[in-house]
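Take a look at the structure below.
The values are calculated or read from the model by the stated rules, or taken from the named source; none is laboratory data. This one's a predicted model, so the numbers in the text were calculated from it and none came from an experiment. Here the Cβ positions follow ideal geometry from the backbone for every residue, glycine too, while neighbour counts run over all protein chains shown.
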Amino acid sequence: MPSTLTGLCEYREEIRKSRFITLAAPITSTQQAHTFIDQHSDLNASHNCWAWKLGDQYRSSDDGEPGGTAGRPILSAIEAQDCDQVVVLVIRWYGGIQLGTGGLARAYGGGANKCLQNADKFPLVTRVALRCACSFSEWVLVKLRISELNGVLSEETFTANGVDLQLAIAEEHIQPLQQQLADLSRGRIVLERYSLKAND
């Protein structure tokens, strides 16, 4: 199961007089990835090479290193560690000794690998978007049941009759949650699947 990072992590090493600092962080958007790269790149360094992966989207940059020796190995490290929603930036200060294309790929990919290996991670759970309606008296209990099954409550709308809820929960927890909600409402609360559209 893919995982992402709980927060920023860092790994430092020196290879044949070149200094490398690897930074990795969780992201939830492509904009967040590029903001991280812009904020943490060192303009005084020789190279700021990076890669990020967000679901089916990914990008990488060699930032002046020979093609395929930096960005792609960093991206390969993200994939090898089964990470997603992650950005990795490797900053290099050239130390005067050429590493060669193989040496560069090992340095960038290796630094990214070690950084991600040492990072605190948590699994990414694919959740299904659902909605339901409940009365005011049931509202607190419904929220508790959703929370107990690691669901995420995305929206609560108060109406004349009660509360309309939008939530997301793992597929395997839908049936147990439906049963619990039916029990506490005598069958009135029904979970309904819906698509997350841009204007939802």
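Take the residues of the stretch 132-144 that are surrounded by fewer than 17 Cβ atoms within 10 Å (Cβ to Cβ) and of a type outside the set (Ser, Thr, Tyr): which is farthest from residue 174 (Cα to Cα)?
Taking the stretch 132-144 as the starting set, the residues that turn out to be surrounded by fewer than 17 Cβ atoms within 10 Å (Cβ to Cβ) are 135-137, 139-141, 144.
Then drop every residue that is not of a type outside the set (Ser, Thr, Tyr), which leaves 136, 139-141, 144.
Values: 136: 22, 139: 18, 140: 19, 141: 16, 144: 15 Å.
Per the criteria, the residue is 136.
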TODO: Restricting attention to the stretch 82-108, report how many residues are surrounded by 15 or more Cβ atoms within 10 Å (Cβ to Cβ), without any contact (Cβ under 8 Å) to a residue 40 or more places away in the chain and part of a loop (DSSP other than H, G, I, E, B).
DONE: 0
Open item on the list: Which residue is surrounded by the most Cβ atoms within 10 Å (Cβ to Cβ), if the candidates are limited to the stretch 14-66 and must be touching a residue at least 24 places away in the same chain (Cβ under 8 Å) and of a type in the set (Asp, Glu)?
Closed with: 65
TODO: Considering only residues that are modelled with pLDDT under 95 and among the polar types (S, T, N, Q), look in the stretch 56-89 and name the one that is nearest to residue 27 (Cα to Cα).
DONE: 85
Task: Scope the stretch 111-138; condition more than 19 Å from residue 191 (Cβ to Cβ) and assigned to a strand (DSSP E or B); matching residues - done: 121, 122, 123
Open item on the list: Just to be sure I understand the filter: pairs with C-beta atoms under 8 Å, separated by 6 or more residues or on different chains, first member in the stretch 125-143 and farther than 13 Å from residue 164 by Cβ, second member part of a strand (DSSP E or B) and of a type in the set (Val, Ile, Thr). Which pairs pass?
Closed with: 127/152; 127/169; 128/169
Task: Selected residue (only one of 183, 164 is among the acidic types (Asp, Glu), loosely packed, with under 14 Cβ neighbours inside 10 Å and on the phi < 0 side of the Ramachandran plot) - done: 183
